């Protein structure tokens, strides 16, 4: 590996670490929302705050339902957006107790077959469907039916975005997998 390649990988590793740390902070925020929602429910505090003018995402009030909706929104962000990074780091789910004993070329064949047969068809169907899902929410100005968060299209836009990132990373994986399958590292 050349010094430039080494420096490039180190820079990518730093960005990955920053992203993962950001998702870790969101996970802490999720836990805080859960605790606040449970505590406010137990104390029968609702609404938690009201506003003179409608705020983006919150509307005119912060309620227990807002906290509940926020939990789902954060869960979507934490669970879906890092999927491409997890794929890139080869941290996705697989039957490792079988896979671990395979030779490098066999592993590449299994990975390539899984990518072509399962991953790419699923993502190629899911990205446009997720886009339609988000557009329907946006065009109808969908909000929480329970007085929770407004602008539901924002969280629904993460579905096609996260799936598109995963699709891009999976497509970028095709070339190296093909090279490994052919024994060209």
TODO: Could you tell me which numbered condition residue 134 fails, if it satisfies all but one of (1) in a helix (DSSP H, G or I); (2) farther than 30 Å from residue 48 by Cα; (3) under 16 Å from the mean Cα position of the chain (by Cα)?
DONE: (2)
TODO: Scan the stretch 1-46 for residues that are modelled with pLDDT under 85 and part of a helix (DSSP H, G or I) and report the count.
DONE: 11
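Please indicate, with yes or no, whether at least one residue in the stretch 93-111 is surrounded by 14 or more Cβ atoms within 10 Å (Cβ to Cβ) and not in a helix (DSSP H, G or I).
Filtering the stretch 93-111 for residues surrounded by 14 or more Cβ atoms within 10 Å (Cβ to Cβ) gives 94, 107-111.
Keeping just the survivors that are not in a helix (DSSP H, G or I) gives 94.
There is at least one residue in the stretch 93-111 that is surrounded by 14 or more Cβ atoms within 10 Å (Cβ to Cβ) and not in a helix (DSSP H, G or I).
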TODO: Check residue 57 against each of (1) surrounded by 15 or more Cβ atoms within 10 Å (Cβ to Cβ); (2) within 21 Å of residue 168 (Cα to Cα); (3) at pLDDT below 90 and name the one condition it does not meet.
DONE: (2)
Open item on the list: Every residue in the stretch 137-153 that is part of a helix (DSSP H, G or I) and exposed (fewer than 12 other Cβ atoms within 10 Å of the Cβ), please.
Closed with: 139
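I want to confirm something. Restricting to the stretch 69-92 and keeping residues that are in contact (Cβ under 8 Å) with a residue 12 or more places away in the chain and not in a helix (DSSP H, G or I), which single residue is farthest from residue 16 (Cα to Cα)?
81
The values are calculated or read from the model by the stated rules, or taken from the named source; none is laboratory data. The model shown is predicted, which means the values in this text are computed figures rather than measured ones. Please note: Cβ atoms are built from the backbone with ideal geometry, for glycine as well, and neighbour counts cover all protein chains shown.
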